[in-house]
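Peer 1: Mind looking over this structure? Questions follow.
Derivation of every value follows stated rules applied to the coordinates shown; laboratory data play no part. Given the structure is predicted, the values throughout are model-derived calculations rather than measurements. All Cβ positions, even for glycine, are placed from backbone atoms using ideal geometry, and neighbour counts span all protein chains on display.
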Amino acid sequence: MIDIHTHILPGIDDGSEHMEMSLQLVQTALESGTEAIITTPHCYRGVYDNYAGEDLQARWDALHYAVRRAGLPVHLYQGMEIMACDDLPELLKTGRVWTLNATKYFLVEFRFGEDPAYCQKIITSCIDAGYWPVIAHPARYYFVQDDPSIVYDWYRMGCCIQLNKGSILGENGKRAQQTAYSLLRHSVVSCVASDAHRTYWRNTDMSQVEQSLLDDFGEEYTYMLLEDNPDRILRGRRLVGYKPVPYSRH
Ligand SMILES: [Fe+2]
């Protein structure tokens, strides 16, 4: 598996607390069948000011070195989870934020209670600037829980839709789980990632969610969500998917 959303870069956000924990998170990922990880620290103005630059690169290099030194056979790649903001297209164009493995794909999150019209505006402006949005954990957003057809629209616009394992497993609450399954049944989900934070809280173990997906959706769909599309993101290639099922509007 390839995990495209993790907070295993230590000491930089609410993710891994120190290098030792990061190595444990990598070890857990490997044991559960993950062979490649994109590190995606929060980039959230005023909260986690982790912009591209020498400091972030040095932190990433230190993790990479420690993983090599520990003999952990995982492939690490760079990325960020960027909180949506008005100047996101400029941040992308000027290289102030990292896309996923330096492809056109970028991981973006929204505030849980955001105005859907604002999301639409930001997504459109980034696509117009030539970038490909990967929407982080939509099943957790309250406005998506109220109206999941928003995700159908995003999917139709060409967005990559990323679910968290915790939403599928019910760790983000009942509504997030119901929404996640609804999105999966409507074939508007592109991939699933851990969004791992800490060894004791939202970790990198993907075995349980893999089993749930296999049980509920079968081998082909699970392969697409956990291997094929994440690999395509890493390589900057177009994603695959099934024909999405429209939501009936009331
Ligand atoms: Fe995250």
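Peer 1: So which residue, out of GLY46, GLY15, GLY166, gets the largest mean-square fluctuation from a GNM of the chain using Cα contacts under 10 Å as springs?
Peer 2: Ranking GLY46, GLY15, GLY166 by mean-square fluctuation puts GLY46 first.
Peer 1: Sticking with this structure for a sec: Indicate, rounded to the nearest 5 percent, the antiparallel portion of the DSSP beta bridges found entirely in segment 2-235. Mind dumping the intermediate values first?
Peer 2: Values: 2 of 25 bridges.
Counting DSSP beta bridges with both partners in segment 2-235, the antiparallel share is about 10 percent.
Peer 1: Using θ = phi - 60° and the Karplus curve 6.51 cos²θ - 1.76 cosθ + 1.60, what whole-Hz ³J(HN,Hα) does each residue of segment 194-201 get, with Gly and Pro shown as x?
Peer 2: Result, rounded to whole Hz: 7, 6, 5, 10, 9, 4, 9, 8.
Peer 1: Compare VAL151, VAL240, VAL26 in a GNM of the chain, Cα atoms joined below 10 Å, and give the one with the largest fluctuation.
Peer 2: Per the Cα network of the chain with a 10 Å cutoff, VAL240 tops the list.
Peer 1: Kirkwood Rh over Cα pairs of the chain into Stokes-Einstein at 4 °C, 1.567 mPa s: D in µm²/s?
Peer 2: Reported coefficient: 72 µm²/s.
Peer 1: Given 0.36 nm per residue, what is the gain on full extension from ASP147 to LYS121 after removing their alpha carbon distance, in nm?
Peer 2: Numbers: separation 26, 0.36 × 26 = 9.36 nm, distance 1.76 nm.
Stretched fully, the ASP147-LYS121 segment lengthens by 7.6 nm.
Peer 1: Something else about it: Explain nothing, just the number: relative contact order of the chain, from Cα pairs under 8 Å at least 6 residues apart, as a whole percent.
Peer 2: Relative contact order, the chain: 21 percent.
Peer 1: Using the Cα centre of segment 2-235 as the reference point, and only Cβ charges (+1 on K/R, -1 on D/E), how large is the resulting charge dipole? Debye, rounded to the nearest 20. Before the final figure, lay out each step's value.
Peer 2: Details: 19 positive and 33 negative charges, 46 e Å.
Rounded to the nearest 20 debye, it is 220 debye.
Peer 1: If R₀ is 22 angstrom, what is the calculated FRET efficiency for the pair GLU31 and ASP216, using the beta carbon separation as r and rounding to 0.05? Write down the numbers at each step before the final one.
Peer 2: Numbers: r = 23 Å, r/R0 = 1.05.
Working from the Cβ atoms, E equals 0.45.
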